[in-house]
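The values are calculated or read from the model by the stated rules, or taken from the named source; none is laboratory data. This structure is a prediction, so every number in the text was calculated from the model and none was measured. Note that each Cβ is placed from the backbone with ideal geometry, even for glycine, and that neighbours are counted across all protein chains shown.
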Amino acid sequence: MDSTTILLIMALVFGFYMAWSLGANDAANALGTSVGSGALTLRKAVIIAAGLEFCGAFLFGSNVSDTVQNGIVNPEFFVDDPMLFAYGMLGALLASGVWLQLASYFGWPVSTTHAIIGAVLGFGLVIGGPESIHWGQVAFIAMSWVFSPLMGGIIAFITFTVIRKRVLYSRNPVLAAKKIIPMLVFLITTMLSLAMIFRTYKQLSKDVSFLQILAIALAIGFVGNLISRLLLRKVVVATDSSDKGPLCPDHQALTLLRKVSKNLTKLKGMFAGELYFRVATVFNKVEEIKDRVSSSEEECNSHGNMEIVTVEKLFGYLQMLSACFMAFAHGANDVANAMGPLAACVSTIYNGAITLNSTVPLWILALGGGGIILGLATWGWRVIETIGKKITELTPSRGFAAEMGASTTIVLASAMGLPVSTTHTLVGAVLGVGLARGIHTLNLGTIKDIVISWVVTIPVGAVMTVVFFYVLRWIFG
């Protein structure tokens with residue numbers, strides 16, 4: 001075989017490997033909260049995601065390689081020697097795949113987008129120097145490091161706080177859930193439809209406005225709302241008090257007790273002697289009541305309260321719906337992370353010249369979809385376990401709030417043209433749900449490991465790409 005054939009085979013192998021690594025790490029984001037909350041078993045989650053990820057990738061996968069057309073490195077610097085560009089893209093695919101596999105092994109949910117950006121940035125700096133890099137685009141993308149987890153966390157925090165106040169802490173949780181769930185179905189289906197349609201349908205028809213896309217998403221949301229109302233009619237509200245566990249404390253009780261405790265702490269510092277002893281006695285009593293109310297809150301959400309169990313089952317169905325939408329949207333929107341650079345690389349090797357608008361053929365989208373499925377099925381459980389179980393304890397209502405925060409953030413960012421990381425957004429949303437219950441519910445050790453993995457993703461991808469680039473140039477140059 002000549003060198004061109006060998007390079008084409010290597011490009012396909014490296015591209016499939018990158019897609020496999022993407023499936024093992026990034027595709028798990030759509031399922032981590034559902035598995036961690038118990039709404040889906042791992043086996044069912046993988047089966048559901050396999051079909052939806054592939055359909056999203058194959059039917060609505062990105063048609064244009066953004067890495068080449070609007071990307072990080074200016075292709076004009078490689079016009080005189082296009083094979084340098086091909087070697088760089090090959091190195092970027094391999095480096096991204098290796099780093100994502102390493103991160104998946106340790107269960108770190110890192111950004112696939114940032115991995116491939118760091119890889120392309122690395123060989124661009126080595127070959128073309130700083131002037132070959134679109135630094136404005138790099139800075140624009142870097143904004144997502146702060147924006148996406150912060151916004152996702154805030155929205156998830158608010159969503160879960162509302163669910164806990166209006167449903168879990170209400171006198172009749174099932175009846176409250178039947179009232180609020182149709183509204184939540186409308187919101188989540190509208191948001192996820194926007195996230196799925198915005199970057200896919202928009203690419204197929206440049207003349208389609210955001211208002212038209214919004215109208216389609218709202219129509220889907222209305223249908224979802226109507227179906228949920230019909231299904232919820234079959235849910236019987238529990239009225240037998242003997243089946244109930246402990247009555248949930250009023251949502252304001254714990255907040256007021258914390259304020260009283262804080263004021264009594266200040267008051268103790270103002271007295272001495274007998275008055276100090278009396279205030280300290282009251283303080284200890286308040287602390288005892290606060291602990292009992294806090295324990296009652298946790299017990300209220302345990303299996304002892306049949307109404308809460310029913311409510312969590314309802315949110316479980318809602319979470320399965322959002323997980324399906326997110327899996328389809330992920331396949332549609334993120335397959336270009338692996339297949340866009342592959343298409344650019346194959347086009348350059350085959351034609352011997354750089355094509356600025358490198359179209360991704362259907363067979364390459366199918367290759368990427370197959371790699372994503374295989375990665376999810378073999379190693380996806382590692383990252384699923386981190387997102388679903390190691391950051392904070394999740395229930396279906398908490399998991400839904402996290403997915404609501406993530407999907408809303410993705411839609412808002414798309415509307416503003418701000419690139420965001422699905423991984424960073426969902427992790428931030430899970431953190432927001434945990435903070436709604438108190439910082440003590442978060443696993444700070446796991447969070448520290450995740451943040452470190454985020455910070456090192458771009459430099460590690462860049463360094464490895466440079467190494468692979470020089471090896472490839474030495475072999476084929």
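Here are the numbers for this structure:
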item	result
Any hit, the range 82-97, residues being in a helix (DSSP H, G or I), closer than 22 Å to Leu426 by Cα, without any contact (Cβ under 8 Å) to a residue 60 or more places away in the chain and within 28 Å of the chain's Cα centre (by Cα)	no
Top-ranked residue of the range 185-238 - restricted to ones that are of a type in the set (Ser, Thr, Tyr) and either part of a helix (DSSP H, G or I) or not assigned by TED's automatic domain parsing to the domain that holds Leu321 (or both), ranked as modelled with the highest pLDDT	Ser228
Sole exception among (1) touching a Ser or Thr at 6+ places or on another chain (Cβ under 9 Å); (2) within 30 Å of Leu254 (Cβ to Cβ); (3) of a type in the set (A, V, I, L, M) for Ile439, by number	(1)
Selected residue (criterion: modelled with the highest pLDDT) from residues of the range 240-281 that are under 18 Å from Leu175 (Cα atoms) and either outside any loop (DSSP other than H, G, I, E, B) or among the aliphatic types (A, V, I, L, M) (or both)	Leu247
Unique match (being assigned by TED's automatic domain parsing to the domain that holds Thr112 and either at pLDDT 80 or above or of a type in the set (D, E, K, R) (or both)) among Ala28, Ala86, Ala50	Ala86
Condition met for Ile391 (under 24 Å from Glu312 (Cβ atoms), buried (at least 22 other Cβ atoms within 10 Å of the Cβ), under 13 Å from the mean Cα position of the chain (by Cα) and assigned by TED's automatic domain parsing to the domain that holds Leu442)	no
Check on Ala429, over 22 Å from the mean Cα position of the chain (by Cα), in contact (Cβ under 8 Å) with a residue 60 or more places away in the chain and part of a helix (DSSP H, G or I)	no
